[in-house]
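Student: Let me give you the structure first, and then I'll get to my questions.
The values are calculated or read from the model by the stated rules, or taken from the named source; none is laboratory data. None of the values given here were measured: they were computed from a predicted structure. Because the Cβ atoms are built from the backbone with ideal geometry, glycine has one as well, and the counts that use them run over all protein chains shown. Side chains included, ligands, DNA and RNA excluded: accessible areas come from the protein's heavy atoms. Shrake-Rupley method; radii C 1.70, N 1.55, O 1.52, S 1.80 Å.
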Amino acid sequence: MGKHIRLMASDGHELAAYQADAGPGARSSVVVAQEIFGVNAHIRSVVDGFAAAGYHAIAPALFDRRERGVELAYDSEGVARGRQLKGEVSLAEADADIAASVAHCAGRGPVAVVGYCWGGLLAWSAAAGCEGLAAAVGYYGGGIAEHLHLKPRCPVLLHFGDQDTAIPLQAVDKVRKAYPDIPVHLYPAGHGFNCDARGSYHAESAALARERTLAFLAEHL
């Protein structure tokens, strides 16, 4: 359904992106912020899914600043390499690449960012600093509780799993207390519950989170 394109960030960095277009009837756009596994088959399927729901959708390759064409497997080796690459890309650099994606979509109506895992934190950061963003959704965004000083300037929706060993419930409570007006949903699932390529996939939670996400996007885009 989609195709690969090139984007240019404000600092002159050129990056790849995977884009899927719902056609001339697309009412708005969704930027998908990747997990630590790159713009792999799963993330491309997420982009395709938003396009099927009627949105112009795009996933920037956020590891391109260090290594191009990263597509990692959901195994111990992939986790280790993904964490290493994530550590080599600064939040400011990832923000710039997401901003380039938002700018690319700007002519197609309102734009939202939906992020997963590392991308969940990036969606939170984009909500605070990215111009022209209408909404943001974060799935199990590790690190949000450590970045509560970043104050969202657009509506935000957050999803977490109550069995997520990477994000303790105390961290989720910190987010809720700091931003009581932001809807925070908990699911009976672990980290990565939305990804059907992972052992932690939880179909019921993924379906409910998608339903809530699409309703949120329909409200704000």
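Student: Using a Gaussian network model on the chain with a 10 Å cutoff between Cα atoms, which of Lys86, Lys151, Lys177 fluctuates the most?
Tutor: Lys177
Student: Here's another thing I want to ask about it. Ordering Asp173, Asp48 from largest to smallest accessible area (1.4 angstrom probe), what's the sequence? Provide the component values of the computation, followed by the final result.
Tutor: On the way: Asp173 70, Asp48 35 Å².
I get Asp173, Asp48, largest accessible area first.
Student: Give me a comma-separated list of calculated 3J(HN,Hα) values for the stretch 162-174, in order, Karplus coefficients 6.51, -1.76, 1.60 applied at θ = phi - 60°, integers in Hz, x for any Gly or Pro.
Tutor: Whole-Hz 3J(HN,Hα) from phi for the stretch 162-174: 7, 10, 7, 6, 8, 10, x, 4, 4, 5, 4, 5, 4.
Student: Determine ³J(HN,Hα), in whole Hz, for all residues of the stretch 84-100 in sequence, where each value follows from phi through the Karplus function 6.51 cos²θ - 1.76 cosθ + 1.60 and θ = phi - 60°; x replaces Gly and Pro.
Tutor: 4, 5, 4, x, 8, 10, 6, 4, 5, 5, 5, 4, 5, 6, 5, 4, 5
Student: Still on this structure: Which far-off residues, 5 or more places away or on another chain, put their amide H under 5 Å from the one on Tyr187, with H placed in the peptide plane?
Tutor: Phe160, Gly161, Asp162
Student: Right, next: Choose one answer from Ala80, Ala17, Ala94: the residue with the largest mean-square fluctuation in a GNM of the chain with alpha-carbon springs under 10 Å.
Tutor: Ala80
Student: What is the mean projected area of the alpha carbon convex hull for the stretch 68-183, to one decimal in square nanometres? Mind showing how you got there, number by number?
Tutor: Working: hull surface 31.2 nm².
About 7.8 nm², averaged over all directions.
Student: Additional query: Report, by chain and number, residues whose modeled amide H sits under 5 Å from the one on Val113, excluding near sequence neighbours (fewer than 5 apart, same chain).
Tutor: Result for Val113 returns Val31, Ala135, Ala136, Val137.
Student: List the extent of the Cα atoms of the chain along each of their three principal axes, largest first, rounded to whole Å.
Tutor: Principal extents (Cα only, largest first): 40, 39, 33 Å.
Student: Here is a further query. Volume per residue, Å³, of the convex hull around the alpha-carbon atoms of the stretch 14-76? Kindly include the intermediate steps, with their values, before the conclusion.
Tutor: Working: hull volume 4.8 nm³, N = 63.
About 76 Å³ per residue, rounded to a whole number.
Student: Cα centroid distance between the stretch 164-221 and the stretch 1-26, in Å?
Tutor: 26
Student: Also: Please compute the net charge surrounding Ala145, taking Lys and Arg as +1 and Asp and Glu as -1 over other residues with Cβ under 9 Å from its Cβ. Could you put the intermediate results ahead of the total?
Tutor: On the way: positive: Lys174; negative: Glu146, Asp173.
Result for the local shell: -1.
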